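In what follows, a structure is listed as structure tokens, so that the remarks can point back to it.
What follows draws every value from the coordinates through simple rules; no lab data is involved. Just so it is clear, the model here is predicted, and its values are computed rather than measured. Here the Cβ positions follow ideal geometry from the backbone for every residue, glycine too, while neighbour counts run over all protein chains shown.
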Amino acid sequence: MIHAEDAYTVKVPSADQAVAARLSLRDGKILLATGDMVALLVPMLLATWDRRGASLQFISSVELLSLFGSTALWFLLALSSNLYSLSRAASYPRTHLATVAAAFVVLTARSLYELPSLTGPLWLKASLAITAVVLFAIWRTLFCAAARKFPFARRVLVVGAGRSGGILAAAVAENQLRGDRGFQLVGFVDDEETKVGQLHAGLPVLGKTETLMDWVKQLGVDTICLSINRTPVLSAGVFTGLVAAREQGVRITSMPQMYEDLMQKVAVEHVGNNWGVMFPVEQPRHLLLHDVFVRILDVAAGILGLALTALLMPFIALANACGGSPGPIFYHQLRVGKSGRNFSIVKFRSMTVNAESNGAQWSTHGDPRITPVGRFLRRTRLDELPQFWNILKGEMSLIGPRPERPEFVAKLAESIPFYRARHAVKPGLTGWAQVKYRYGSSEEDSLIKLQYDLYYIKHRSPVLDVRIISKTIRVVLTAAGQ
């Protein structure tokens, strides 16, 4: 069990820390990305100037495209590997890991595609590429040192020392053990007399809610989290304190929303009457453009995926026959898609013939129904390739919640709140739940995966899609599937 009292001490922050607390996480990420771009671009930009006599002639459009293309490759790698997490940037080992990744991109991509096309001696081109890596390392090290002294962290005071507040404290502590220090809980306030002066989830209950503003000022709090389970109606004292805090620029949030920010999943079991967390009143305007982008991506991926499927199909059929599992190469199964409509999913068969003659069953780790060849197909996710046909037909998308079987959906919808909300979008070949959590084999697993699915539905964007695709590629290359 995590004892948060080992990780937290309540003390009045210094003036420097109070200023740092006002810097948002977004500000820190923009600063970090800007520094990365300058460090990577400036030396190579200098290498592309054509020295002719006393004048300098700017680079050609081809060289410019190549220059920014390789830099874009770095940002793609960085975003997919979460190298712009400020908690990771504040860790020296992870900072050096980012430098190694940047060196790989710069020295590989640029030496292959840029350096041969640039004018000037080879030693100059190579030295400028190395200079870019050195500058990047220096910048990241300086940022790391600054972030450790002036952390881009939110100092959070929690209103309500109940069960949900304890869960929130445990989530913060879990993130801190993983090196993510984006949030720092300073304590609780609660109107229950017996709790005041005691520890709750390892953190002090500082006082009653009437002292809210006193603690905000004394502890440099920049975020107040409402974690009140017993009633959705705020008392007059709490409401007055929140208004005063908001006037001072303090951010007000709820426990479900903060938990979502911390864990990148929706806490469906703690939402309660706060339906706005599940169903935002306003949908982001970018979603229409995102849907167009996704459909173009789906069609392109469907065509390429089916070509790869046709190429591998004879070898998989031969492997099944030689592996002692003769029978159909494809397996069709009914799944629930968008808007609750059923469709037939297509996969390479990975189980024995008539594996579910006794009815639908969860697939478990070491399932004896899975053939030796099927085990390899599942670990590499090659069994999913025929689903590109479903994607091309529009029944599925490349990215989205995994489609579940009707028998399981009916059962899970009865016991898990908001389970049918995952049918608001097309199911996907891969998804946020697939890359963040293991293979689901129980109702408890389904609840956790639903939390990730709902997070994706709320936050879907091209950036998140790129992260999912890159993580999926990693799963395939490392054979980490089930």
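Sort 311-320, 377-386 by the packing proxy (mean of other Cβ within 10 Å over each peptide's residues), most packed first. Spell out each step's value before the answer.
Values: 311-320: 15.0, 377-386: 21.1.
My ranking of the peptides, most packed first, is 377-386, 311-320.
Each residue of region 296-309 in order: what ³J(HN,Hα) in whole Hz does its phi give by Karplus 6.51 cos²θ - 1.76 cosθ + 1.60, θ = phi - 60°, with x for Gly and Pro?
4, 5, 4, 5, 5, 5, x, 5, 5, x, 5, 5, 5, 4
So for each of 288-299, 420-431, 442-453 I average, over its residues, the number of other beta carbons within 10 Å; can you give me the resulting order with the highest mean first?
Highest-to-lowest ranking by the protection proxy: 420-431, 442-453, 288-299.
If we sort 407-417, 161-171 on the protection proxy, mean other Cβ atoms within 10 Å, highest first, what's the order? Intermediate values should be presented prior to the final figure.
On the way: 407-417: 14.7, 161-171: 20.6.
Result, highest mean first: 161-171, 407-417.
Across region 380-389, in residue order, what do the Karplus-derived ³J(HN,Hα) couplings come to in whole Hz, using 6.51 cos²θ - 1.76 cosθ + 1.60 with θ = phi - 60° and x for Gly and Pro?
8, 6, 5, 5, 7, 4, x, 5, 4, 5
Which whole-angstrom value gives the distance between the alpha carbon centres of region 309-351 and region 197-264?
Cα centroid to Cα centroid, the span is 52 Å.
Assuming 0.36 nm per residue, please report the length gained on full extension of the stretch Gln248 to Leu289 beyond their Cα-Cα distance. The partial results should precede the final answer.
Details: separation 41, 0.36 × 41 = 14.76 nm, distance 3.68 nm.
Using 0.36 nm per residue and subtracting the Cα-Cα distance, I get 11.1 nm.
In the structure shown, do any of Lys29/Lys217; Lys411/Lys458; Lys208/Lys458; Lys347/Lys436 have a Cα-Cα gap over 29 Å, and if so which?
The answer is Lys208/Lys458.
Using each residue's phi in region 332-339, evaluate 6.51 cos²θ - 1.76 cosθ + 1.60 at θ = phi - 60° and report the 3J(HN,Hα) Karplus result to the nearest Hz, with x for Gly and Pro.
Result, rounded to whole Hz: 9, 8, 6, 10, 9, x, 4, 6.
List every residue whose amide H lies under 5 Å from the amide H of Gly428, counting only residues 5 or more places away in sequence or on a different chain, with H placed 1.01 Å from N in the peptide plane.
Sorted by chain and number, the residues that satisfy this are Ser397, Gly400, Arg402.
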